[in-house]
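Working notes for the structure below.
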Amino acid sequence: MPRPKPASADPKALAAILARVRATPASSDPDDWMAAAAPAASAAEKDALRSALAAVPEPDFARDATRIPALQKLLRKDRLAAFLVPRADEHQGEYIVARAERLRWLTGFTGSSGFAIVLQKEAALFVDGRYTLQAPAETDASVIACRHFKKPPATEWLAGKLKKADRVGYDPRITPVKEAERWREALAKVGAELVGLDHNPIDSLWADRPGDPFSAARAQPLAYAGEASAARRARLGEEIAGRGADAAVLNQLDSIAWVLNVRGGDTPSTPLVQSFLILAADGHATWFVDQTKFTPGLVAHLGNGVTVRPLEAFADGLKDLAGRAVTIEPETATAWIEGVLKDQGAAIIPGPDPAVLPKARKNAIELAGTRKAHIRDGAAMVRFLRWVDAQATGQDELAVMAMLEQIRGADPLHRGPSFTTIAGAGPNGAIVHYRASPQTTRAVEAGTFLLIDSGAQYLDGTTDITRTVPVGSVPARLKRQFTLVLKGHIAVATARFPKGTGGIALDGFARRALWQAGLDFDHGTGHGVGVYLGVHEGPARISPLSQVPLEPGMILSNEPGCYETGSHGIRIENLIVVQESKLEGFLEFETITFCPIDRRAIDVRLLSTEERAWLNSYHAAVRRKLKGQLKGADLAWLMRMTRPL
């Protein structure tokens, strides 16, 4: 498996590298890129590469009210009554590359979840409760209306707009099989037709659409993974064979990264490599990927059990499965993948991605690593929160975000944020997935809350933590709400439940105290988290909808909240690990996030004796685990903030 020739002083080689760099989105990391593309480049060449990367312009995602009318013109030309625009790419992950941000380019909406329907004379953007404030602020009401995704569901809304024989276009390369089936059935009820398009019409309008990302692909060491790729492939191969299949097609990037024990930098905030994988029942894998991204040692790491083919050969790889039995996950495998397989006479066996559940059940090495990462991250958070107390008042949200990243970046195992930090001062904190920008940033002001939801990627773990900080003295009403949220957080942290219990049964624990006061929050209580992978990971969640049983080794978030539009937001988030209880047949949680919960925002009178004991015990653990990493003013702040109530 030959490696591409490394870069040298050859002007032609350097020119080729620079051409590739200029096609790379500006989010690519220069040093990461050069580790793959130019490992032997001279210092001067590397300086030239850095300059070239710095000069690559960011994609133009500025809101433009002419884009939707331009798309509507194309719909009329192609005799389409409507076109479906999900926020999605070929891999169905939460974080997508810049070239796939079609929804953002078209509408201006920056959220991580949304769906637009564009008809010839109107358009609608459907979002969940996290974005009911954000979406209208980011979009132009003259060309698109914002709607809650359940009021009514998008399928019902569109069906009410159509007539018999209308054609609705969609992109099968970015639409899951199950989603296409759902739309097809809904449209058939009114006599309309769902039409798969060979080309996404938005791409015809997006003149400066970015190219594919290009970042280094590396092996994830066994010391962090805890299990060799060959063992994982063999284990999953048995699962595939047990379904009666010859192979499985994997398009989810975090599954591929976990199976192969590889990490990359193609996807924002998540260390993934743009690729596809076909895993045979005998454990052999074919990886469709750009091999020029490989760093030294990766080929040897993959071994003879993995065949590497170009990314462009994926369609041919699917065709090679002609007449075979192939398992795909209908919720994530795209309609295009299914279509190619069916055209070749493959027998489709629907089933879950075989890697998702094993990946969620963290092994002992993964859990040990992520615990260490959380302790280091906790110390970084203490340094940051002490800075917030001392210096943040009067500074804006962007400065707060920059300081947090600077402090975390001092850790040698730090590999960047696990998502864009949410720093919401005052009313911006009420926007659940708020993203500060030069246009929206607010100064940190006394008398209200500063909500900071952030996380980091480390080689040994992924963190996600939210702390709500009272800036100066806050009103009793805000303290009461904070304490109700804390009561819900404690209820989840201390829950004990029978094996086989799904997150739906625990979600109400987080809400009970809020419900008693007539309050609630419009998002789930918790999501799965990977280990140096996705900060949002399936299949388990703590939410009103999730019935997936929680299992030992799963890492979840515990993040109830309370939001008051135009005033403030409150959220308290720790990560928790599902573990065996001492009571036979039961499970419970271990909290692995260690950072003070701000005692100044608590109305102690609202806490029960047991709740107060939990918080004191938690703060004692925080003090014990973090004090050895801190000194001076940071240590003094820790000791003060973890005193017993």
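The values are calculated or read from the model by the stated rules, or taken from the named source; none is laboratory data. Please read these numbers as outputs of a predicted model, since none were measured by experiment. We place every Cβ from the backbone using ideal geometry, glycine too, and count neighbours over all the protein chains shown. Side chains are part of the model used for accessible areas, which takes the heavy atoms of the whole protein and leaves out ligands, DNA and RNA. Shrake-Rupley method; radii C 1.70, N 1.55, O 1.52, S 1.80 Å.
Points worth noting:
- Helix-only arithmetic for the chain: the sum of -39500 (n - 2.57) across DSSP H runs with n ≥ 4, divided by the residue total, places the mean residue ellipticity at 222 nm at -10500 deg cm²/dmol.
- Under 15 Å from a label point set 7 Å out along the Cα-to-Cβ vector of SER567, the amide N atoms of region 397-433 belong to 426-431.
- Cβ-Cβ distance of SER581 and ARG235, R₀ of 22 Å, FRET efficiency by 1/(1 + (r/R0)^6): the value works out to about 0.25.
- ARG415 - accessible surface, heavy atoms, 1.4 Å probe, Å² rounded to 10: 120
- Size descriptor, Kirkwood hydrodynamic radius, that averages inverse alpha-carbon separations across region 173-285, Å: 17.1
- Calculated from backbone phi, Karplus (6.51, -1.76, 1.60) coupling profile of region 118-124 in Hz, x at Gly/Pro: 10, 9, 5, 10, 7, 8, 9
- Between ALA347 and GLY323, ARG324, ALA325, VAL326, the built amide H atoms are under 5 Å apart, and every one of these is 5 or more places off in sequence or on another chain.
- 14 Å cut-off, amide nitrogen to a point 7 angstrom out along LYS178 Cα→Cβ, residues in region 339-356: 350-354, 356
- Kirkwood estimate for the chain, i.e. one over the average of 1/r between Cα atoms, Å: 26.1
- Spin-label zone in region 97-113 - amide nitrogen under 14 Å from a point set 7 Å from the Cα of LEU311 along the C-beta vector: 97-101
- Packing here is the average count of other Cβ atoms within 10 Å per residue, and on that basis the peptides 485-492, 170-177, 234-241, 193-200, highest first, run 485-492, 170-177, 234-241, 193-200.
- Region 336-444: equivalent-ellipsoid semi-axes (sqrt of 5 x gyration tensor eigenvalues, Cα, Å): 40, 23, 11
- A Cα-only calculation for region 101-180 places Rg and Dmax at 12.7, 36 Å.
- Heavy atoms of the protein chains alone define the surface here; on that basis region 84-230 has 41 Å² accessible area per residue at 1.4 Å probe size.
- Folded to 0 to 90 degrees: helix 504-516 orientation relative to the chain principal axis, Cα: 40
- Relative contact order for region 147-201: 45 percent, from Cα pairs under 8 Å spaced at least 6 residues apart, divided by residue count.
- Potential extension, THR155-ALA410 segment - 0.36 nm per residue separation minus Cα distance: 87.0 nm
- FRET efficiency for GLU122 and TRP515, using Cβ-Cβ distance with R0 set to 30 Å, rounded to 0.05: 0.20
- ARG496-LYS73 pseudo-label distance in nm [points 7 Å out on the Cα-to-Cβ vector]: 6.8
- Region 560-645: GluC sites (Glu not before Pro) in DSSP loop, at most 11 other beta carbons within 10 Å: GLU584
- Note on region 426-567: Rg/Rh from C-alpha atoms, Kirkwood Rh, equals 0.99.
- Helix 364-387 vs. the chain, principal-axis angle (Cα, 0 to 90°, nearest 10): 60
- Among the protein heavy atoms, those of ASP246 account for about 60 Å² of accessible surface (1.4 Å probe, every chain in place).
- Extension gain, LYS631 to ALA300: 0.36 nm times the residue separation minus the Cα-Cα distance gives 114.8 nm.
- Solvent-accessible area, 1.4 Å probe, carbon plus sulfur percent, for the chain: 53
- Separation of the ASP198 and HIS148 label points, Cα + 7 Å toward Cβ, nm: 4.3
- Percentage, to the nearest whole number, of Cα pairs in region 532-645 over 25 Å apart: 38
- Model label points for LYS189 and GLU590, set 7 angstrom from Cα along the Cα-to-Cβ axis, are 4.7 nm apart.
- Full-stretch length increase - ALA402, ARG612 - with 0.36 nm per residue and alpha-carbon distance subtracted: 72.2 nm
- DSSP-defined antiparallel bridges as percent of all bridges, the chain, nearest 5: 75
- Note, ³J(HN,Hα) from phi for region 141-147, Karplus 6.51, -1.76, 1.60, rounded to Hz, x at Gly and Pro: 5, 6, 10, 8, 9, 9, 9
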